[in-house]
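Participant: Got a structure for you, written out below as structure tokens; questions coming shortly.
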Amino acid sequence: MQRPVVSIEDVVVTYRSKRRRTALTSVQGMSLEVGAGEFVGLVGESGSGKSTLANAVLRLLTGGGEVDRGRVSFNGEDLLMLSEESLRTVRWRDIAVVLQSSMNALNPVATIRTQFRDVIRAHRRSSWSEQQVDADVSRLLSLVKIDPKYASAYPHELSGGMKQRVAIALALVLGPRLVIMDEPTTGLDVIIEHEILSDLRDLQRERGFAVLLISHDLGTVLEVADRVVVAYAGRIVEDRPAKALLNNPLHPYTRALLDCYADPGADQVRITYIPGQPPNMAALPPGCPFWPRCAEAEEKCQQGPVPPLTRLDGGGLVACHHAGAGTREGADPNLGRSGAVYVKSRANASASHHPVITVTGVYKTYRRNRLPLVALNDVSLTLPRGTVTALVGGSGSGKSTLARLITGMERPDRGTIRFDGRDIPRLGRRGLHAYRQHVQMVFQDPFAALNPMNTVGYTLLRPFVNYGRLSSTEAFKRVRQLLEQVGLTPADAFVGKRTSELSGGQAQRVVVAKALAVNPDVLVADEPISMLDVSIRAGILRLLDDLRAQRGFTLLYITHDLLSARLLADQVIVLHRGEIVEQGLAADVIQSPQHEYTRLLLRSIPNPRRRTLAAESKVSP
């Protein structure tokens with residue numbers, strides 16, 4: 001590695017607040033370096049301390065977070081010891097940050113030009129004329145492949161991918177030496193994600209700045225990074241060059257993350273997930289924090305000290321008692337593999353089942369700036385009863401619009417949507433209320449779909465209040481049954497929890513349970529795994545498939561990810577710019593795609609074994 005542009009040494013971060021009875025140490029002595037011009041990926045599940053460490057570097061911690069120990073060296077100075085005034089001269093000019101949510105990073109009431117102008121004048125170039133600022137804005141927007149005419153637009157007039165590119169351009173406006181990117185593509189479809197990361201890699205090579213990319217997606221990071229740092233439970237467990245880590249992952253956690261990826265074009269797709277949940281940082285288990293989920297754990301892992309981060313003879317760092325030894329003799333072969341999901345071959349399901357929902361000739365148009373925007377153009381499809389249909393497409397393809405029409409949230413301009421012979425758009429208020437007992441929805445962001453102040457028990461009781469006539473005793477019994485069905489056991493441990501206290505995977509399971517409370521005939525799942533860690537996505541897919549098999553409901557699975565569609569669906573329908581461009585049995589569409597857009601979706605799926613964006617060897621050893 002070249003001379004470090006930033007060196008993080010033994011940083012410990014603790015959160016303290018009046019509401020929390022005990023202090024929570026979320027970063028437990030992390031150390032890493034980023035070399036000049038190097039592209040480093042920091043990977044781990046939610047709660048591993050990735051974002052906390054990034055915020056600690058520039059002292060952006062909130063919610064009672066404090067750095068208890070450590071040093072962050074930049075230009076020979078410790079950033080943790082600088083005055084606030086001195087630190088302002090470092091932020092943005094020398095070290096810039098790209099936040100996870102582009103909408104939250106941009107001012108919704110200021111034009112793009114105004115936001116660039118504010119940054120330029122506040123940090124360095126207050127004497128620049130309007131013409132110089134405009135020229136710089138146009139240059140930077142062109143650099144991230146956005147037409148400069150959008151400089152006069154507001155953030156809400158841009159797509160998600162365009163807003164993320166604007167956020168990247170804003171981070172580069174003052175020519176920083178280091179750019180920290182915290183989940184910059186989460187929630188974007190695979191095509192836009194692939195394009196943004198490819199462009200970012202090209203920019204980084206051209207301009208020579210260093211990047212610290214934070215992500216829960218190891219496959220994405222391996223496609224662009226020179227070096228990968230893996231974090232778990234507030235500690236670094238592996239730090240090695242990307243190619244070496246890919247070819248020979250040494251820590252069991254790294255191997256488990258890599259196992260979460262599969263080839264959608266294979267004859268039989270197998271995918272695994274890591275059992276259990278990341279540990280509670282307020283009550284860590286003794287020994288190695290990963291041992292409860294590890295297939296290779298032995299007694300010294302459970303009772304001994306936490307394995308130290310050790311430098312290897314061949315280069316790199318790893319923290320494991322038996323790093324790279326493979327599954328030890330006598331280890332439980334199912335632990336860590338018990339969540340395997342296999343594609344189920346269902347012979348021509350679309351032709352052998354009576355349709356429960358039929359969509360015929362549907363059009364839907366919105367108006368933006370007085371101009372018509374066609375969301376759906378003559379869309380027709382059927383959902384066979386008891387089967388899984390995957391509706392696949394990128395952002396703006398019309399997937400969510402179609403979901404809102406099917407669930408009765410909106411009405412089409414033209415066309416019919418029939419449920420068991422009834423035309424849904426013609427139903428009145430009472431008819432729609434009754435209809436929604438038959439058709440329920442699982443939303444993309446589980447935390448946005450749940451009231452953070454309500455308990456899990458109260459949340460699951462509401463459907464019975466709205467639609468059922470059960471006694472309170474029977475309703476509480478059904479709530480516990482639902483929790484057990486979605487894998488939240490023991491049920492009594494979750495009934496009294498607030499939904500804000502749940503992990504992402506747990507929250508999504510509660511959303512699924514709430515949708516199933518009224519025994520619907522159709523479940524519409526709109527991007528139900530896109531906000532989740534890759535290590536638990538397969539678990540949610542398996543849950544949906546198992547519940548569908550048990551209850552016999554019809555599942556409309558909306559996604560931009562053809563891999564998950566291949567794992568779950570009987571038939572796949574590909575939607576592009578409001579039109580169906582391809583449909584058929586899942587294996588046929590994905591193994592032999594006929595339309596170029598379907599092939600583009602397949603090429604854009606993150607694949608750890610296809611490092612198409614990163615150079616094999618860019619940084620000097």
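Participant: Share of the chain's accessible area from carbon and sulfur, percent, 1.4 Å?
Facilitator: 48 percent
Participant: Still on this model: Which of 300/477; 243/399; 50/163 have a Cα-Cα distance over 30 Å?
Facilitator: 300/477; 243/399
Participant: In deg cm²/dmol, rounded to 500, what helix-only [θ] at 222 nm does the chain give when every DSSP H run of at least 4 residues adds -39500 (n - 2.57) and the total is split over its residues?
Facilitator: The helix-only estimate for the chain comes to -9500 deg cm²/dmol at 222 nm.
Participant: Using the charge dipole of region 161-212 (Lys, Arg: +1 at Cβ; Asp, Glu: -1 at Cβ; taken about the Cα centre), state which of 197, 173, 184 has its Cα farthest towards the positive end.
Facilitator: Working it through, the farthest residue towards the positive pole turns out to be 173.
Participant: With +1 on each Lys and Arg Cβ and -1 on each Asp and Glu Cβ, how big is the dipole of region 33-151 about its Cα centre, in debye rounded to the nearest 20?
Facilitator: Here region 33-151 has a charge dipole of around 380 debye.
Participant: For a test of the definition: using alpha carbon positions, the gyration tensor, and the 1.5 limit on a/c, classify region 466-621 as rounded, prolate or oblate.
Facilitator: Oblate is the answer for region 466-621, as a/c is 1.5 or above yet b/c matches or exceeds a/b.
Participant: Can you tell me which aspartates and glutamates have their Cα less than 18 Å from the Cα of residue 364? Leave out same-chain residues fewer than eight positions away.
Facilitator: Here the aspartates and glutamates satisfying the reach criterion relative to residue 364 are 378, 410, 413, 423, 579.
Participant: Here's a follow-up. Which aspartates and glutamates have a Cα lying under 19 Å from the Cα of residue 145, excluding residues fewer than 8 positions away in the same chain?
Facilitator: 134, 136, 157, 189, 193, 195, 199, 202, 206
Participant: Please list 393-400, 302-309 highest first by mean number of surrounding beta-carbon atoms within 10 Å per residue.
Facilitator: Final packing ranking: 393-400, 302-309.
Participant: Calculate the spin-label point distance for residue 73 paired with residue 363, positioning each point 7 Å from the Cα along the beta-carbon direction, and give it in nanometres.
Facilitator: Going from the residue 363 label point to the residue 73 one covers 6.8 nm.
Participant: Please list 191-199, 593-601 highest first by mean number of surrounding beta-carbon atoms within 10 Å per residue.
Facilitator: 191-199, 593-601
Participant: For the chain, with only Lys/Arg (+1) and Asp/Glu (-1) charged at the beta-carbon, what is the dipole magnitude about the Cα centre, in debye rounded to 20?
Facilitator: For the chain, the charge dipole is close to 1700 debye.
Participant: With a 1.4 Å probe and all protein chains left in place, how much accessible area per residue does region 133-273 have, in Å²?
Facilitator: That works out to 29 Å² for each residue.
Participant: Which of the three applies to region 167-256, rounded, prolate or oblate, going by the alpha-carbon gyration tensor with a ≥ b ≥ c and a/c under 1.5 meaning rounded?
Facilitator: Verdict is prolate for region 167-256.
Participant: Quick check: the distance between the Cα centres of region 73-90 and region 167-241, to the nearest angstrom?
Facilitator: Between the Cα centres of region 73-90 and region 167-241 lies a distance of 23 Å.
Participant: Now for a separate question. Quick one: order 420, 226, 492 from most to least accessible surface, probe 1.4 Å.
Facilitator: Ranked from most to least accessible, the order is 492, 420, 226.
Participant: Ok, one more. Students often check this: by mean Cβ neighbours within 10 Å, which of 168-179, 73-84, 564-575 ranks highest, and how do the rest follow?
Facilitator: Packing proxy ranking, top to bottom: 564-575, 168-179, 73-84.
The values are calculated or read from the model by the stated rules, or taken from the named source; none is laboratory data. Here the structure is a predicted model, which is why all the values come from computation and not from measurement. Here Cβ is always computed from backbone atoms with ideal geometry, including for glycine, and neighbour counts include all displayed protein chains. Accessible surface is based on the protein model in full, side chains and every heavy atom, while ligands, DNA and RNA are left aside. Shrake-Rupley method; radii C 1.70, N 1.55, O 1.52, S 1.80 Å.
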